[in-house]
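Inspection log for the structure reproduced underneath, given as structure tokens.
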Amino acid sequence: PKDGAFTFQLLDESGKVIQRHYSKFRQINRYLEIVEDVFPHLPSDKQLKIIDFGCGKAYLTFALYYYLRVMKNRDVKIIGLDLKKDVIAFCGKVAADLGYDGLEFLMGDIADYTNDHADMVVTLHACDTATDYALINAVSWNTQVILSVPCCQHELFSQINNDIHQPMLKYGILKDRLTEYLTDGLRGLKLEARGYDVAMIEFTSLEHTARNIMIKAVKSGSPDSAKAAKAQAQYEALRDFYQVKPTIEQL
């Protein structure tokens with residue numbers, strides 16, 4: 001069948017999931033459950049524009065396009081962005097073979113991709129501060145829905161400085177995990193300060209990373225609201241308590 005170009009890596013000829021790829025199959029289904037949850041928050045009266053930063057081999061990008069275009073019958077334009085030339089070329093060929101004319105793959109850096117707009121921004125396992133660049137793009141575009149699974153949050157490891165927690169911070173593995181949670185917590189508060197409702201939810205991890213926290217943010221209010229002001233004050237208190245300067249603030 002024509003769509004075999006996409007499915008052959010996950011399914012055998014009878015349509016059953018190949019056992020060694022079951023984790024990927026489970027991840028795709030979990031991802032679409034989350035998209036189903038945020039779907040009502042997306043515009044219903046125009047073409048949907050979605051940007052997937054750091055799309056990689058684009059299993060989830062293809063699944064998202066199929067879900068929105070075929071299952072939901074929506075006019076949609078999805079752009080997958082990644083730094084790897086060979087991956088982008090392969091994904092572009094598969095999209096063309098499938099006739100997915102609303103799916104485009106571009107080679108580029110998240111930090112440089114600023115002249116655009118999107119109704120939804122996706123960034124799954126973008127390393128370290130690349131997540132911050134994706135988030136700041138989404139905020140500047142007034143993006144309605146953001147789905148982000150951060151990865152490799154190293155930035156605050158060398159910055160964190162807190163006398164109360166110092167006896168614990170001397171243990172590298174604990175310091176690493178604490179700074180991961182702190183990074184994502186500060187990101188969440190910054191998004192709330194810009195008028196987003198934010199939830200931290202469990203996502204299925206990839207084979208190359210155990211990171212499984214997704215930041216789900218839906219634009220619901222104004223940066224001028226009392227709720228946003230409270231989030232900003234909480235952000236500043238937490239930032240100052242740990243004496244850090246996150247990229248999300250610098251941007």
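At-a-glance table
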item	result
The lone exception for residue 129 - which of (1) open to solvent by 10 Å² or more (accessible area, probe 1.4 Å); (2) of a type outside the set (Lys, Arg); (3) in contact with a strand residue (DSSP E or B) (Cβ under 8 Å, 6 or more places away or on another chain) it fails	(3)
Hey, residue 65 touching a Gly at 6+ places or on another chain (Cβ under 8 Å), part of a helix (DSSP H, G or I) and open to solvent by less than 30 Å² (accessible area, probe 1.4 Å) or not	yes
Residue count, the range 105-125 (criterion: in a strand (DSSP E or B) and either open to solvent by 10 Å² or more (accessible area, probe 1.4 Å) or at pLDDT 95 or above (or both))	8
Among the candidates 42, 135, 124, 83, residue that is closer than 26 Å to residue 189 by Cβ and out of contact with any helix residue (DSSP H, G or I) (no Cβ under 7 Å at 6 or more places or on another chain)	42
Every pair of residues 6+ apart whose Cβ atoms lie under 8 Å, when the first sits in the range 67-95 and is free of Cβ contacts under 8 Å to residues at least 60 places away in the same chain and among the aromatic types (Phe, Trp, Tyr) while the second is open to solvent by 90 Å² or more (accessible area, probe 1.4 Å) and part of a loop (DSSP other than H, G, I, E, B)	90/57
Every residue from the range 153-205 that is open to solvent by 50 Å² or more (accessible area, probe 1.4 Å) and assigned to a strand (DSSP E or B)	197, 200, 202
Considering residues of the range 86-104 that are hydrophobic (A, V, I, L, M, F, W, C) and open to solvent by less than 60 Å² (accessible area, probe 1.4 Å) only, the residue farthest from residue 214 (Cα to Cα)	98
Qualifying residue in the range 213-223 (condition: aliphatic (A, V, I, L, M) and open to solvent by 30 Å² or more (accessible area, probe 1.4 Å))	yes
Meets criteria (open to solvent by less than 20 Å² (accessible area, probe 1.4 Å), in contact with a Ser or Thr (Cβ under 9 Å, 6 or more places away or on another chain), in contact (Cβ under 8 Å) with a residue 40 or more places away in the chain and assigned to a strand (DSSP E or B)) for residue 52	yes
Subset of the range 111-125 [of a type in the set (A, V, I, L, M, F, W, C) and either touching an Asp or Glu at 6+ places or on another chain (Cβ under 7 Å) or more than 26 Å from residue 44 (Cβ to Cβ) (or both)]	111, 122
Residue count for the range 140-152, restricted to those that are out of contact with any Cys (no Cβ under 8 Å at 6 or more places or on another chain) and open to solvent by less than 30 Å² (accessible area, probe 1.4 Å)	7
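The values are calculated or read from the model by the stated rules, or taken from the named source; none is laboratory data. If you're wondering where the values come from, they're calculated on a predicted model, not measured in any experiment. Neighbour counts run over all protein chains shown; Cβ positions are idealised from the backbone, glycine included. The area values use the complete protein model at the heavy-atom level, side chains included, leaving out ligands, DNA and RNA. Shrake-Rupley method; radii C 1.70, N 1.55, O 1.52, S 1.80 Å.
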